[in-house]
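Taking it in order: structure first as structure tokens, then the write-up.
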Amino acid sequence: MIQPVRIAMWSGPRNISTAMMRAWGNRADSFVIDEPFYAYYLAATDRKHAGADEVIASGETDWQKVIVQLTGPIPNGKRISFQKQMAHHLLKEVDREWLGAVTNCFLIREPREVIASYVKKREDPALSDLGFTQQAEIFDFVRTRTKSVPAVVDARDVLENPERMLRLLCEAVGVEFSPSMLSWPPGLRDTDGVWAKHWYGEVAKTTSFHPYRPSAAKVPAHVREIHDRCRECYLRLYQYRLH
């Protein structure tokens, strides 16, 4: 019997995580889950995100129940569960032991580019909003628990050579690469979170990964200290990236 594979990809905001979810969601053997801890995170932190009340009302706010769903049977008889996870949604009180029941991997992006994109939506981010410190913490936990280095992919590498990086990622998480991951139909999906209408406008127009374009954006002075802390965490994971 073929064993199910549950992949949790830990990212931060303003990355290519939704495009990555499209790639996995276009596989015939995969079921994708969009930011399963988001409702819990908003309810616990009272962050004023766009559509927060709707997210809370439509999602699961008990983190223990979320974990049961993520580690339980994969819906629709699929073999692969791909979980698009935001690292900053995994608050301190969430027990980390369940991470041993999934295959964890990490999607990183250069923090200058993340921050330049983020401040267009919210001008004054806190360090905890950007996910870099939480990503490093989860990486360290998984590495210690499994006594191995989990897969890390950098967004720029993916955009510069999607097929090569997806092949490397699939190999690292123990599944065969499928060419169906390289393109997908435009539009929103039933598996998208209710927040898609606020955040997924650009992704909804795509049919593949967009080629990488360097950003000339500078880090605003008021978040330079936050950027420097994010960059420390980014570089720690970057040294382990697949390439």
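No value in this document is a laboratory result; all are computed from the given coordinates. Everything numeric here is computed off the predicted structure, so don't read it as measured data. Note that each Cβ is placed from the backbone with ideal geometry, even for glycine, and that neighbours are counted across all protein chains shown.
Could you work out the relative contact order of the range 5-238? I mean the mean sequence separation of Cα pairs under 8 Å and 6+ apart, divided by the number of residues, in percent.
29 percent
If you add up the charges near Val55, with Lys and Arg at +1 and Asp and Glu at -1, over every other residue whose beta carbon is less than 13 angstrom from its beta carbon, what do you get?
Surrounding charge for Val55 is -4.
Determine which residues of the range 189-207 fall in the zone a paramagnetic label at Arg122 would reach in this model, i.e. backbone nitrogen under 20 Å from the point 7 Å along Cα→Cβ.
193-203
Please report how many Lys pairs in the chain have alpha carbons closer than 24 angstrom, counting only residues at least 8 apart along the chain or sitting on separate chains.
So the count works out to 23.
Where does the charge balance sit around Pro36 when Lys and Arg score +1, Asp and Glu -1, over other residues with C-beta under 9 Å from its C-beta?
-2
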